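The values are calculated or read from the model by the stated rules, or taken from the named source; none is laboratory data. Only a predicted model underlies this, so the values are computations on that prediction, with no experimental measurement involved. When we count neighbours, we look across all protein chains shown, and the Cβ atoms used for this are built from the backbone with ideal geometry, even at glycine.
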Amino acid sequence: MRSLFRLLAITALMSMSLIPASFAGNAKATENIAKMHRVAIQVDQNDPAVMNLALNNATNILEHYRTTGEPVEVNIVTYGPGLHMLRDTSPVQDRIKQLKDLAFPGKIRFSACNNTKQAMEKREGQSIAILPEARLVPSGVVTLMELQEKGWSYVRP
């Protein structure tokens with residue numbers, strides 16, 4: 001009778017040792033599927049080369065994760081002189097529209113610093129128009145900081 005109890009106990013312990021391994025395997029597979037890649041790209045210069053580099057970086061990131069089938073979000077955050085990227089006079093406005101509306105709808109955001117916008121309006125003495133693809137955020141720098149605090153990666157071209 002004792003040997004039967006021992007055999008049952010050993011069998012139960014061996015079965016229990018397999019359970020965490022199978023759960024770990026499933027958890028890892030679920031983690032890989034659910035992993036959202038997020039990157040914030042800073043633009044703080046009124047330089048078409050920097051703006052295009054930021055758009056190239058975003059395109060490369062989005063294309064990479066489109067091919068792997070993994071979810072991704074990109075947020076290009078502009079402030080200071082970089083706000084010119086998202087003004088209606090932007091030298092890259094056609095590329096922005098194409099990326100936002102056609103190539104990667106729902107995957108890329110453009111954030112325009114309202115602090116900078118207000119300072120430019122005061123300096124220029126008139127209202128400044130922001131591209132319709134962009135959204136105003138209270139502060140570009142604070143937006144970058146908060147995105148990083150939420151686990152977003154950070155790139156500065």
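Key figures
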{"read-out": "Condition check for A34: surrounded by fewer than 10 Cβ atoms within 10 Å (Cβ to Cβ), among the aliphatic types (A, V, I, L, M) and modelled with pLDDT of 50 or more", "value": "yes"}
{"read-out": "Qualifying residue in segment 148-156 (condition: surrounded by 14 or more Cβ atoms within 10 Å (Cβ to Cβ) and farther than 18 Å from Q45 by Cα)", "value": "yes"}
{"read-out": "Residues (among the acidic types (D, E) and either farther than 29 Å from H64 by Cα or outside the structural domain of N46 (by TED's automatic domain parsing) (or both)) located in segment 83-140", "value": "D88, E121, E124"}
{"read-out": "Which listed residue is out of contact with any strand residue (DSSP E or B) (no Cβ under 7 Å at 6 or more places or on another chain) and more than 21 Å from V39 (Cα to Cα), from T89, T68", "value": "T89"}
{"read-out": "Any hit, segment 86-99, residues being crowded, with 20+ Cβ neighbours inside 10 Å and either within 14 Å of V155 (Cβ to Cβ) or among the basic types (K, R) (or both)", "value": "no"}
